Amino acid sequence: MDDRIQELLERARETAATAGEYTGQMVDTARLRGRLFALRTDINGLLHTAGRLVYDAHRGGAGGEDALEQVFSELDHKEAAAAELRSRLERLRQEGTRYWALQHRGEREAALAAGRRDPDRSRFFAAFSERGREVALFHCFFGGRGVKYHVILAAAVLAANRQTVFRARPGRLLQIRRTSFMNYTFAQYQESADYIRSQIGGFAPKVAMILGSGLGYMGDIVENPIAVPYQNIPHFKVSTAPGHKGQLVFGTLEGQKVAVMQGRMHHYEGYSYEEVSYAVRVLRLLGCDTLIVTNAAGCVNLDWKAGDLMLIADHIKFFMESPLRGENLPEFGVRFPDASHLYTPALREMARQTARELGIELREGVYMYFPGPQYETPAEVRAARVLGADAAGMSTAPEVITAGHCGMRVLGFTLLSNMGAGILDQPLSEQEVLDAAAACRDKFSRLVLACLKKID
C-alpha cells in the first residue's frame with residue numbers, strides 16, 4: 001500500500017514537472033507573439049514611409065534616394081527579425097503538439113494498462129488556462145482489492161518563473177499557493193487602450209487622477225463625462241475596496257482634460273503589483289503625461305495630527321516585489337529606471353504655493369507602503385518612524401513607480417485619516433478612515449482642484 005502511494009506521488013511529481021515545462025512554453029509563445037505584433041506594426045509604418053518617399057520622388061521631389069535606401073535597410077532588418085520569431089513560434093507549436101500527444105496517448109494508456117488499476121474507475125485529464133497562469137489539474141482515481149484510493153494532484157504551475165509549489169498529502173486535495181505575476185505584453189496594454197479609445201472617441205486625456213478614500217466623488221463632477229467600467233476593459237481588474245466605484249471617467253475638470261480612476265486596485269485584494277499598476281500604463285498610452293494620486297493613510301509623525309494633509313515628497317517600499325518585476329517593456333521605459341524624483345519637484349513646489357494661496361496647512365513628508373490589509377502594528381509604526389516615514393498606507397507606491405518608469409510627472413497627496421497604531425490608546429477601524437475622509441473632503445478637494453487647474 002505504501003509502495004502504491006509512493007509510486008503515485010513519484011508519477012505526480014513527474015507529471016507536474018512536464019506540465020510546468022509546457023506552461024513555460026505557453027508563456028514563451030505569448031511573449032514571442034507580442035514581439036512579433038510590435039515588429040509588424042513597425043514594418044507597416046516603414047512601408048507607409050517608403051510609399052510616401054516613392055510618391056514624392058514621382059512628383060519630382062529631391063533627396064529621397066538616400067532616405068529610401070535607409071528605410072529599405074531597416075525593413076530588411078525587421079523582416080529578418082520577424083522571420084526568426086515566426087520560426088521560434090513554429091518550434092514551440094510543434095513541442096506543444098508533441099506534449100499533448102504523449103499525455104493523451106502514452107500516459108493514459110500506461111495508466112489504464114497497469115494491472116493494479118481498475119479501468120472503469122481510472123481517469124486522466126489535464127487542463128491549462130490559455131493565459132498560462134491558472135492551476136493545472138490532474139485527477140486520478142485508483143482502485144483495487146476493495147479499497148479505492150482517491151488522489152488529486154493540483155499543481156500550481158507559476159507561468160512567469162516556472163516554479164511549482166504544492167504540499168503532497170495522499171488522499172487529500174493538495175494545497176495551492178499562487179505567487180505568480182502576469183507579465184503582460186505590450187500588445188495587451190494596447191488592446192486595453194484601443195478599447196477605451198473606441199468608447200471615448202477622439203478625446204485625449206492629459207492628466208490621470210487616481211483618487212483614494214474620500215475623493216472618488218470627483219469623477220462625478222467631471223464635465224461632459226464618459227464613464228468606462230473597469231469590468232468592460234480587456235485585462236483590467238475590478239476594484240473591491242469599500243467606497244471605490246470601479247470605473248474610469250473621462251472629461252474636463254478645471255479646464256484640464258482628465259481621466260479619473262474612481263477606485264484603485266490593491267495588492268491586498270489578491271492582485272500582483274503589475275496588475276495593481278496596470279491602469280497607469282494604459283493611461284500613458286492614451287496620452288496622459290501627468291498623474292495626480294491621492295490616498296488616506298495613518299499618521300506616523302508625532303508632531304502632526306489626524307485630519308492634516310500631506311504633500312508626498314518621497315516614499316518607502318520595502319515589502320515584496322516591484323511592479324516592474326519581470327520582462328521589461330522598452331516601449332514604456334528602461335530596464336533600471338531612476339527613482340530620485342518620482343514625485344516631480346516642480347509640481348510639489350506648485351502645490352506648496354497653491355496651499356499658501358488657499359490658506360490650507362500642507363505638511364510635506366515621506367509615505368511608507370505596507371501591503372495590508374491589516375493595519376500596521378505599533379512596532380511597525382515605530383519602525384516606520386525610525387526609517388524616516390511620516391505616514392503609512394496600503395496604496396500609491398506601486399502606481400507611482402510605474403508612472404515614473406513611463407516618464408510621467410507625479411503629484412501625490414495624503415489625507416492623514418488617523419494616528420498610527422500604538423500612538424493613541426484605541427483600535428483602528430475602516431469607519432474611522434471613511435469618517436475622516438468625509439470631514440476633510442472640502443479642503444482636500446479645493447487643494448487638489450486648484451493644483452489641477454495650474455498644471456501645464
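Miscellaneous remarks
- The listed residue being exposed (fewer than 14 other Cβ atoms within 10 Å of the Cβ) and either over 18 Å from residue 293 (Cβ atoms) or not hydrophobic (A, V, I, L, M, F, W, C) (or both), out of 372, 359: 359
- Test for residue 278: is it over 24 Å from residue 436 (Cβ atoms), among the aromatic types (Phe, Trp, Tyr) and either at pLDDT below 95 or buried (at least 24 other Cβ atoms within 10 Å of the Cβ) (or both): yes
- Of everything in the range 217-244 that is hydrophobic (A, V, I, L, M, F, W, C) and farther than 19 Å from residue 205 by Cβ, the residue that is modelled with the lowest pLDDT is 241.
- Against the test of being modelled with pLDDT under 95 and over 18 Å from the mean Cα position of the chain (by Cα), the options 296, 313 yield a single qualifying residue, 296.
- For the range 183-259, the strands (runs of 3 or more DSSP E) that sit wholly inside it and include 3 or more residues that are crowded, with 18+ Cβ neighbours inside 10 Å and out of contact with any Cys (no Cβ under 6 Å at 6 or more places or on another chain) are 207-211, 247-253.
- Pairs where the first residue, in the range 82-95, is at pLDDT below 80 and the second is among the hydrophobic types (A, V, I, L, M, F, W, C), C-beta under 9 Å, 6+ apart: 89/32; 89/36; 92/26; 92/32
- Pairs are defined by a Cβ separation below 6 Å, a sequence spacing of at least 6 or placement on different chains, a first member in the range 367-380 that is in contact (Cβ under 8 Å) with a residue 60 or more places away in the chain, and a second member that is small (Gly, Ala, Ser); the pairs so defined are 367/391; 368/384; 368/389; 368/392; 375/421; 376/392; 376/421.
- Given (1) on the phi > 0 side of the Ramachandran plot; (2) not in a loop (DSSP other than H, G, I, E, B), number of the condition residue 407 does not satisfy: (2)
- Sole exception among (1) under 29 Å from residue 189 (Cβ atoms); (2) part of a loop (DSSP other than H, G, I, E, B) for residue 304, by number: (1)
- Residues within the range 19-53 that are surrounded by 17 or more Cβ atoms within 10 Å (Cβ to Cβ) and modelled with pLDDT under 60, tallied: 4
- Residue match in the range 264-283 (condition: among the acidic types (Asp, Glu) and part of a loop (DSSP other than H, G, I, E, B)): no
- Taking the range 333-380 as the range and being under 17 Å from residue 401 (Cα atoms) and of a type in the set (Val, Ile, Thr) as the test, the residues that pass are 334, 344, 366.
- Any hit, the range 418-427, residues being in a helix (DSSP H, G or I) and touching a helix residue (DSSP H, G or I) at 6+ places or on another chain (Cβ under 6 Å): no
- Remark: pairs (first residue in the range 282-296, on the phi > 0 side of the Ramachandran plot; second residue surrounded by fewer than 23 Cβ atoms within 10 Å (Cβ to Cβ) and charged (D, E, K, R); Cβ separation under 9 Å; 6+ apart in sequence or on different chains) = 287/206; 287/257.
- Test: residue in the range 388-395 that is in the same structural domain as residue 276 (by TED's automatic domain parsing), surrounded by fewer than 20 Cβ atoms within 10 Å (Cβ to Cβ) and free of Cβ contacts under 8 Å to residues at least 60 places away in the same chain: no
The values are calculated or read from the model by the stated rules, or taken from the named source; none is laboratory data. All values reported here derive from a predicted model rather than from experimental measurement. So basically every Cβ, Gly included, is an ideal-geometry build from the backbone, and we count neighbours across all protein chains shown.
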